[in-house]
1. Can you tell me the FRET efficiency between residue 69 and residue 163 if r is taken as the Cβ-Cβ distance and R0 is 51 Å, rounded to the nearest 0.05?
2. Stretched out fully, how many nm does the piece from residue 214 to residue 48 gain, at 0.36 nm a residue minus the Cα gap?
3. For segment 181-254, what class follows from the C-alpha gyration tensor (a ≥ b ≥ c being the square roots of its eigenvalues): rounded when a/c is under 1.5, otherwise prolate if a/b is larger than b/c, else oblate?
4. May I ask you to sort 179, 238, 29 by Cβ crowding, counting other Cβ atoms within 10 Å and putting the fewest first?
5. Over segment 59-134, calculate the relative contact order: mean separation of alpha carbon pairs under 8 Å at least 6 apart, over the residue count, as a percent.
6. Fully extended, how many nm does the chain gain between residue 249 and residue 87 (0.36 nm per residue separation, minus their Cα-Cα distance)?
7. Per DSSP H run of at least 4 residues, take -39500 (n - 2.57); add these up for the chain, divide by its residues and hand me the 222 nm value, nearest 500 deg cm²/dmol.
8. Shape verdict for segment 85-218, please, from the Cα gyration tensor: rounded (a/c under 1.5), prolate (a/b greater than b/c) or oblate.
């Protein structure tokens, strides 16, 4: 296997050294207030956030480049694109989650959008992170499930997620992302995270429905390496302090 590039190498380092990480998800459509964005980024820095994920299932305005420029001016954190489509590619980012929606059966999200995006990604020189993306039913229909036209994995069926990840690893994917989606009612079932953890030693990213210290503690304890928070931080950036403390405490309890 080729040598890993910086962002992926950092994530694998986190995993191999039994560390934990926290990512803040920023939706460009909700980052139109530059002053508020700067305040959010300042809080992220003070809370030892590790990554900034940027993107969304549906960008309804041309905000991606403007948002990335504003982030670059205000933060030194690694910027990782979390693309909802082939159009969400930019050379201003450090890396891109090359997502394959392995929980669904929509070929467009398994390989179609990736083929469309590949030339632009190559031209931008972006680092790509080969990521198996699994949508999980966390209590409410999400934009991601609607746009992808796929059924999420039931939250009480950890064995389905586990064998899906097993197949993804056999296909050569190097990271896995369990996502309840924006505004999820509940977090991804810790039993599902634990089942996936038993299947693979590769990094596991988990997002959706993480709002409290206790939510984060459960996910970290079950085997998540990177937690992603978006909606909760949009509503109140103070949640980042709680999640940062959960990250720190999970390391002390390891």
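Derivation of every value follows stated rules applied to the coordinates shown; laboratory data play no part. These numbers come from a predicted model, not from an experiment. Glycine gets a Cβ as well: all are built from the backbone with ideal geometry, and neighbour counts include every protein chain shown.
1. E between residue 69 and residue 163, to the nearest 0.05, is 0.75.
2. 57.9 nm
3. Here segment 181-254 falls in the oblate category.
4. Going from least to most buried by this count: 238, 29, 179.
5. Taking the mean separation of contacting Cα pairs over the length of segment 59-134, I get 31 percent.
6. Taking 0.36 nm per residue and subtracting the Cα distance, the gain is 54.5 nm.
7. Value at 222 nm, helices only, nearest 500: -12500 deg cm²/dmol.
8. Prolate is the answer for segment 85-218, as a/c is 1.5 or above and a/b outweighs b/c.
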